[in-house]
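Since the structure comes first, as structure tokens, the remarks are kept for the end.
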Amino acid sequence: MTFERRFAAKKVELRETGHEDRPVEIHGYAAVFNTLSDVLGRRTTGKNTMELREKISPEAFDNVLDQDTRAFFNHDPNFVLGRRSNGTLELSVDDVGLRYVVTPPNTQMVRDMLLEPMKRGDIDQSSFGFILGSKGDKFEEDDNGNMIRSLVSVEELRDVSPVTMPAYPDATAALRSWGLEENNSEVDEHKRIIVLQNKLEDMTTQRDSLQRRLDVFNRFQS
């Protein structure tokens, strides 16, 4: 079992509640059903190239909605926004996907690092961290000969997160699960590029998070 992350290409938004103790809520979709991802890999055999994509099936979260899932900012467990077991995170499934509502802490740090950037539109995407079960995915070939991986059963839903930059899937684990040959040079090169993209985006996210924390610290010191 491998810990993975995916993002939903659907905007997350702030909504005012009118309550003094919890003035805003974060509403978003951590996953969108039956929507094909971007191309996650390619396999070339002779003159034929097969593209690899993913989609999330509507039944994928049937067994995890009652788990004690957390809401983080940028998947950072040091930045907890809500928790399902105490009612500050609500999870549900509708025709669109996995929907979440978070009541974030009413603190200056949360307002400065997350809520204000969301109001400006700087942060508007969501992601979720998960582990699939042993039979958590299935594969099919479309009419064009491309491979589609469907995520059908999530075993553990670790977190849902508003994110500054959505993460790519774990390319190495994904490509192995598709049964791609390790000696395929084009696959290896594609894998290497995506792994580097992952590292670059992780570094960018960490840099942005540290900069926001530094800005908040400097503001409190002045």
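Since every read-out is calculated from the coordinates, none of them should be taken as a lab result. If you're wondering where the values come from, they're calculated on a predicted model, not measured in any experiment. Methodologically, a virtual Cβ is constructed for each residue, glycine included, from the backbone with ideal geometry; neighbour enumeration extends over all protein chains shown.
Considering the zone a paramagnetic label at Ser92 would reach in this model (a point 7 Å from Cα along the Cα-to-Cβ line), which residues of the range 149-165 have amide N under 19 Å from it? Residues passing the 19 Å test: 160-161. Annotation: for a label point projected 7 angstrom from Cα along Cα→Cβ of Thr17, no residues of the range 134-162 have a backbone N closer than 12 Å.
Given R₀ = 35 Å, what would the calculated FRET efficiency be for Asn34 paired with Asp68, taking r from the Cβ atoms and rounding to 0.05? Efficiency, rounded to the nearest 0.05: 0.80.
For the peptides 63-72, 123-132, the ranking by mean Cβ contacts within 10 Å, running from highest to lowest, is 123-132, 63-72. Take the Cβ atoms of Thr2 and Met165, set R0 to 22 Å, and the FRET efficiency comes out at 0.55. Each principal axis of the range 1-124 carries a Cα extent, and these read 64, 32, 27 Å when sorted largest first.
Extension gain, Asn106 to Lys55, is 14.8 nm, computed as 0.36 nm per intervening residue step minus the present C-alpha separation.
Shown for His27, His75: other C-beta atoms within 10 Å of each C-beta, ranked fewest to most, produce the order His27, His75.
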